[in-house]
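Below is one structure, written out as structure tokens, with a few remarks after it.
The values are calculated or read from the model by the stated rules, or taken from the named source; none is laboratory data. Being a predicted model, the structure only gives us computed values, none of them experimental. Every residue, glycine as well, gets a Cβ built from its backbone with ideal geometry; the counts of neighbours run over all protein chains shown.
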Amino acid sequence: MDNFEVDQVNKETEMFGSKAVKFYKISNLARLSYYIMSKFVVHRCRLFKFTPCAVQCMAASVETSDLAVARSDGSIEIWSTKYSWFQKLVIPGSSDHSVESLIWVGNRLLSGGLQGDITEYDLTDATVKLSVDSFGGAVWCIAYSIVKDKIAVGCEDGSVKMFDVKNKAITFERAFDKQEGRILSMAWHKSGDIIVTGSTDVVRIWSTKTGHAIQRITIEREMKNVETIIWSVAILSDYTIISGDSSGRVQFWNGKNATLLQSHRAHRADVLCLCSTKDEKCVYAAGVDPRVIAFNLVQEDDVPTWVKGRYMQKHTHDVRALAIIENRIVSGGVDTNLMMNSISEKVGSFQRVYSFPMKSLVSTSATKKLVLMQYSNYLDLWKFAKCNFPEELNAGRNIPIEDNPVKLLQIKPPSSDTNHICCSVISPCGNWIAYSTTSTLRLYNLQTSDELSCKVIRVRCVGLIPSHCIVFTPDSNYMITSTTNHKILIVHLVADTCEARLVQMLQLKTYTCITHLLAVSSTSSYLATANLDGEINVFDLTNMTHFCTLPKYQHTPSSIAFHPVTNDLMTAYDDLQVIEYSLIDKAYTKWTKQCLSTNNEPLLQTLRKGASSNSCNIAVVTSIRYVHSDEVDKVFFMSREGLYIAERVPNHMQDTKSHLGARFCHKFKPLLCTEFIDESTLFVVERPLQDIWEQLPPTLYQKKFGT
Amino acid sequence: MKESLQIVQTGGSSITKFNSIFSHDSKYLLCPCGNLVKVFSVATGECFQRLNGHCKLVTMICHHPRVQLQILSSSLDGTVKVWDYEDGILLSTCDFNVPLLGIFAHSCYSTVAFVIQQSDDSNELYRFTLNTIPSKTSDIACSLLAKNVVKDCSKRIAFSEKFAVVSYSNRLLVFINPQHAERDEKIRHVLKDNAPAITCISCHPVEECFATGHANGEIRIWFNISDVKNVISSIQHWHSLEVLSLKFSSSGSTVLSGGHEGVLVQWLEDSKNFLPRLGSAITNVAVSKDSTLFAVSLLDNSILIITNYFTIKQTFDGFTAIGQNLPCGICYDSNTNACVTNGKPGHLLFYLPDKDIQLYNLDIVSRNFISSVDLEKPLSKTNILKVGFGGTFDGVKHMATMEFDQAKQRDEKLKFWRFSDTDQQWVLETIVKSPHDGCGITSLTFSPANNACVTTSQAGFAKIWFKHDEEGWLCEMSLSFRDLPCNDSTFSEDGSVLALAFGHTVCFCDISNNEEMQLMLSHSESIKSIFFGRQSCQHLLVAATSEELLCWNVMTKSMYWSSHIHKINFLICDIHSENMAVFTNSNKIFVFQPSDKQPHYSHNLSIDVTAACFVPSKNCDIAWQAKSELYLVSKEMSVHKFCVKSEVDDASNLSRMIIKSDQVTPMSNYLSSTQQKTAKTVNSNRLQETTVDDTLRYILDTPCHVLPSMSTLCDQFISSLLLQQPSDQSEDISKHNKNDNFEETEAKNDKKASKDEDLLEELEKRVEQVKVEDFEWIQPLCKRKLEEFSC
């Protein structure tokens, strides 16, 4: 039995509300309310205090056009940017691990942190692969030279250490001369001969051959006693050095003789990051004053001049990282969202990438009316609020709350496990809770003695492996996990005796990427798995065999679900395409064929137009639910911004036209969970952006005209 | 007489409506002003030259691309004129026969200039060759460059060394090498759909870079302009309202901008300099060639010369009443001989109409200029509604002003001012807060006999204010009559009788004796304004209703005459003569004397008159203006007066005769003295040629019996002869000449026979020695000689 806590009384007042057919904004007081949505009552819950973490650094992969984003809690997200923005995987951080700098070496991802080591991540199973000591204390910056195939790290002790990264290893090679003060920023010249480092008050140019500093540029101080910190340096192929410092200046230097070319005081506060485009005609700078400013090269009469170009002010807080992916500039910072702008001013528009995770952090037990909320290092278990539904449900009327929601438990991993929680789930019956960190998977049995008190007992089971995804079968007799070593574990659970037994270990064919989706059919007869490569396999659970593999679509599946009656497998992809596959016919269903033939673009994409167009990742479907009846078959595609509802004729009715209609309902605050409690009640967990903003630290004060 | 009279513009007009430019040596500022181009001296602030020649509004001026001392001007009359601005000479004219909205030239394109031609549906930018300026329109070789140019083109088109930019509200056309470029050889830059409209533009003098000002106050600097795809624009934003003017300094290192805020902003690379509280919106900025001086044109019709240290060096005031309809009319101040009217907001303007000189703006309201946040809703401001001047008593002259914020119905103040002889300025004596409770003051009149002042209001009260030595001005009497609105008040010339117009009734009262109101004259209609006659018409009272002009004899209390005039606008009275003038809404003027029903003069004016004033003057050829001239101010705030037709031409030639007034320095003294010398010798040469011949011919050709007596002719004759020699000697003396002279003197020495001859000889000697410039000293001598001769 691990730690658990019971929180007896919830002090927050909750309210129920009911509104039929039409959607209205609920009053601010209501954190929880019921709505009637055509035939559904919507139960809105705002108890989940999900707070995303600040973006610490970013690195764009040249080879795969993936973007690695490190957050302040040490977690690293890999975003696929090729077709649409999709959070491919999250490598959970741990409480003793920080990421200060991130770099792609080919398709390897390396990071340096204040704990003083260089870490390599295994992207095929989202774990730490390798960790090497920096031999110089905390690592502040890393640079990679493709010519030399080496990395250089700037350390706390003021030295640059060079590591060889050949042969999939990281081996220490040499240390440069020690300087006074930590090395905060670093850039490696294309030729590999020169490294530029920035520290307090000084920029140094090092020769990689000798390890000695060739030039030393002293950066002017604004005030005599306040040192200037060079937060960021960059070097172009023509030896132009760009420095961004704590006094808000972006300075351009001639690197050959260390003379100042130009100095721009475009920022009002510290410049934290710099980034140059591939053609080196434009340099972007951003910092505490949350503006991303472009500096363009104007070559007039062979005299290069850097002029201040356009600026983008989309962030509300410090911008800490900039990256260029293809022809877009991506910025991220303390306000946790990524902003994306086209490099050329004329084409393309601004897009915002929200920091909501792809994985569901909330799971519910419909029978026991319990909701499990996953935070980075603990789990909260709440009991739903209750209300008496009046006989006649009218639109525009709130249903008064009867019992407040109650926080039953808080489950924390033991203090020895510093890794953050990767996934968690509560079984549909409400008796089992499972969660996994990168090191351990833990299973608990929940025992409720009365309404408001309960306890959890850890159930030990041999052979459990940390997993990416955990599901329980609808009858709660089995727990199925997709493990970090590319296996599917099937664990039989016995509720009465609190026992768990590993019954089957299915080997997956793919080793190159993680299996991030699992779905079990309503009769627990089929299991579907989907991986990031887009492969979808169906296993027969009755005889534990591989049943079939679905046709591969070029995009990544974002959610899969079985039809409750026909066991058709519905898959939603990250480009908002939805495809339903009949396991019996081994072919696309009639509805899918019809949708594909009538629409040129993905079905949900057509529905989504009219909704906010400049946010891209929250449109991705995170879960699919069927509501089946004899007359009409409804499919609910839940995304972070709303619900896509497709209505169709059930399969048994032999009608030529099966597609009845579809609509998009986005009158919700950002949704973290959407679940059917029963056929007429929809439980949603909302997290208004306003609440997230309130959690963020204060911004740099800037006088605004007219205030 | 009536036919020969015509009105001419003597002053007014905006000097800030169009761009002004500095001369190349930064000594002069040239600004288009109505039909003229005025040349101001930067050092003295005087208007030193008026380039008169266009017959319609001058729309733009620019430097001649080759000749430093010449400018080109374009006008709505369809001509481009070339001027020598220092001498004020019109050099040539080029007639396009199409109204021209602007002209551009740049020293890099020496042979061409660019004009904006206004046609019915669009304004077009043409290029024409400057080399030969033909007289015929068809001969001008024009090539079209751009169509549909925005009307306010002087700020929207800019030329630099390598390129020209034509801006529209959301796109820009760049012509590289505009002296050769064809119409389709242009680069188009289109702003984004949501981008604010471009309001003004300025080119970097050297680099390929220009700046645009935008409607939301942004300033964008554009680089890389020859590249359509990779044009770079960086945005600066300080102005909260539209940017009205923008200029690169001549070195290109800074940008100057101004807008409705009335703040001049100098943009440096990383910082900004401000010159705030300029008092009005900045409409134009000009930069001198050496970047040491900036000329900032303000919306209130004044131009400030600002040094590069941001200090105001000089102010040129136009007729600063621009943009108002002169609520307080025009008063005449006998102290300064100036017309007084509304000037800048909250200021009184003292203006000399005969010289077109603005003396000063007197701050009455004492409020700072604040720009409104929304231009659609301008902030209300306190206006001066009435002004009046009292006579001089005990050596003190008084003035009273009435101010009121009409939009907000507040801040009604009556202020009494005293002219301080020691400080030579008006000193505030008394402020009376809401003297009429905001009920609309209708008149303010001083008594000519003592320190008393009458104010009347629509609420029906006439208040009489007396000056007390200690308390200042106090209201001693308040008169009303049947609650009728009191529309006007007037004192008889001796100050004994005060007439008050209450509705349709005129009441009289003697304020000095504190008597009750008495003697009423009434009429069927409401009386708008009343005036007592002056001088011989003292007993007559003239009243104007909206449709009728009435004249009563106050002594007999009977109607003297009445005359129907359609829609009377206002009535004015000349205090120096018996004349009165009445203006109608249809711009007719009738000048009459109260004693005579028939007007002396009537005229259909071509201008909309807002206000008029009689100003005393001596030399006037018009009979009814013998004592004072009538000046009119039009709706466009241009000042006009009546002129005999011949005088009109004089006035146009006047500009030639204005003497150069420039700063006096030792060097300039020296230069001017040498210049004068040469000038004089030349003049005397010419003089003697003409005068000698003329006088001789005159004496010889005329029959002797009609000749005047010899004594009168002698002066002229002798002096003309005398002039010959010194002028001969003033030429470079050849040896031969010298010898001749020597022989002559010798010969004369021999002649020493008579005393007379001696004297003459002496005289001649002296003449030789002195090389006389002034011959007056000879005249008495000659006279005596001749008298003796005749004897």
### Message
So, restricting to strands (runs of 3 or more DSSP E) that lie completely within the stretch B:1-116, which ones have at least 3 residues that are surrounded by fewer than 24 Cβ atoms within 10 Å (Cβ to Cβ) and more than 23 Å from the chain's Cα centre (by Cα)?
### Response
B:89-95
### Query
Any residue at all in the stretch B:85-97 that is aromatic (F, W, Y) and farther than 18 Å from B:C31 by Cβ?
yes
### Query
Which one of the conditions (1) away from chain B (no Cβ under 14 Å); (2) buried (at least 17 other Cβ atoms within 10 Å of the Cβ); (3) in contact (Cβ under 8 Å) with a residue 40 or more places away in the chain does A:V250 fail to meet, given that it meets all the rest?
(1)
### Summary
Checked the stretch A:273-287 for anything within 14 Å of another protein chain (Cβ to nearest Cβ) and assigned to a strand (DSSP E or B); matches are A:C282, A:V283, A:Y284, A:A285
### Query
Would you pick out the residues in the stretch B:334-350 that are free of Cβ contacts under 8 Å to residues at least 60 places away in the same chain and in a strand (DSSP E or B)?
B:A338, B:V340, B:N342, B:H347, B:L348, B:L349, B:F350
### Query
Can you tell me which residue in the stretch A:670-707 is farthest from the other protein chains (Cβ to nearest Cβ), limited to those that are of a type in the set (S, T, N, Q) and in a loop (DSSP other than H, G, I, E, B)?
A:S680
### Query
Can you tell me which residues in the stretch B:188-197 are of a type in the set (A, V, I, L, M) and within 14 Å of chain A (Cβ to nearest Cβ)?
B:V190, B:L191, B:A195
### Message
Looking at (1) buried (at least 21 other Cβ atoms within 10 Å of the Cβ); (2) more than 16 Å from A:L518 (Cβ to Cβ), which one does A:Y478 not meet, given that it meets all the others?
### Response
(2)
### Summary
Restricted to the stretch B:206-230 and to residues being at pLDDT 90 or above and assigned to a loop (DSSP other than H, G, I, E, B), the residue farthest from the other protein chains (Cβ to nearest Cβ) is B:A215
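Condition check ((1) at the interface with chain B (Cβ under 10 Å from one of its Cβ atoms); (2) in a loop (DSSP other than H, G, I, E, B); (3) not charged (D, E, K, R)) across all residues:
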{"position": "A:T305", "(1), (2), (3)": "yes, no, yes"}
{"position": "A:G309", "(1), (2), (3)": "yes, no, yes"}
{"position": "A:K314", "(1), (2), (3)": "no, yes, no"}
{"position": "A:H317", "(1), (2), (3)": "no, yes, yes"}
{"position": "A:A323", "(1), (2), (3)": "no, no, yes"}
{"position": "A:S331", "(1), (2), (3)": "no, no, yes"}
{"position": "A:T336", "(1), (2), (3)": "no, yes, yes"}
{"position": "A:N341", "(1), (2), (3)": "no, no, yes"}
{"position": "A:S344", "(1), (2), (3)": "yes, yes, yes"}
### Message
What's the number of the only condition in (1) touching a Cys at 6+ places or on another chain (Cβ under 9 Å); (2) crowded, with 19+ Cβ neighbours inside 10 Å that B:P599 fails to meet?
### Response
(1)
## Note on the structure
Being within 20 Å of A:N431 (Cα to Cα) and crowded, with 19+ Cβ neighbours inside 10 Å narrows A:V520, A:V503, A:V494 down to just A:V520
### Query
Among the residues of the stretch B:582-611, which ones are under 13 Å from B:G533 (Cβ atoms) and either modelled with pLDDT of 90 or more or outside any loop (DSSP other than H, G, I, E, B) (or both)?
B:F592
#### Entry: For B:L500: the one exception among (1) of a type in the set (A, V, I, L, M); (2) crowded, with 21+ Cβ neighbours inside 10 Å; (3) under 36 Å from the mean Cα position of the chain (by Cα)
(3)
### Query
For the stretch A:461-538, which fully contained strands (runs of 3 or more DSSP E) count at least 3 residues that are within 18 Å of A:Y581 (Cα to Cα)?
A:515-520, A:526-531
### Query
Quick one: which of B:K415, B:K397, B:K386 is farther than 20 Å from B:D488 by Cα and touching a residue at least 24 places away in the same chain (Cβ under 8 Å)?
B:K397
### Query
Does the stretch B:555-564 include one or more residues that are within 21 Å of B:H600 (Cα to Cα), out of contact with any Asp or Glu (no Cβ under 9 Å at 6 or more places or on another chain) and either β-branched (V, I, T) or in a loop (DSSP other than H, G, I, E, B) (or both)?
no
### Task
With respect to A:S355, determine if the residue is part of a strand (DSSP E or B) and away from every other protein chain (no Cβ under 14 Å).
no
### Query
Which of (1) at pLDDT 85 or above; (2) crowded, with 17+ Cβ neighbours inside 10 Å does A:C595 not meet, given it meets every other one?
(1)
### Query
Taking the stretch A:288-303, which residues are among the hydrophobic types (A, V, I, L, M, F, W, C) and more than 10 Å from every other protein chain (Cβ to nearest Cβ)?
A:V288, A:V292
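For every residue, the table says whether it meets (1) of a type in the set (D, E); (2) over 22 Å from A:E679 (Cα atoms); (3) touching an Asp or Glu at 6+ places or on another chain (Cβ under 7 Å).
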| site | (1), (2), (3) |
| --- | --- |
| A:S522 | no, no, no |
| A:Y526 | no, yes, yes |
| A:L541 | no, yes, no |
| A:H555 | no, yes, yes |
| A:L576 | no, yes, no |
### Message
Checking the structure you have, find out if any residue of the stretch A:259-272 is farther than 30 Å from A:K704 by Cα and more than 14 Å from chain B (Cβ to nearest Cβ).
### Response
yes
### Task
At least 1 residues that are within 26 Å of B:A321 (Cα to Cα) in each: list the strands (runs of 3 or more DSSP E) lying fully within the stretch B:375-493 that qualify.
B:383-393, B:396-405, B:410-420, B:425-433, B:441-446, B:452-457, B:486-491
### Message
Among the residues of the stretch B:448-461, what is the count of those that are out of contact with any His (no Cβ under 9 Å at 6 or more places or on another chain) and at pLDDT below 90?
### Response
5
### the stretch B:231-246, residues that are within 8 Å of chain A (Cβ to nearest Cβ) and part of a strand (DSSP E or B)
B:I232, B:S233, B:S234, B:I235
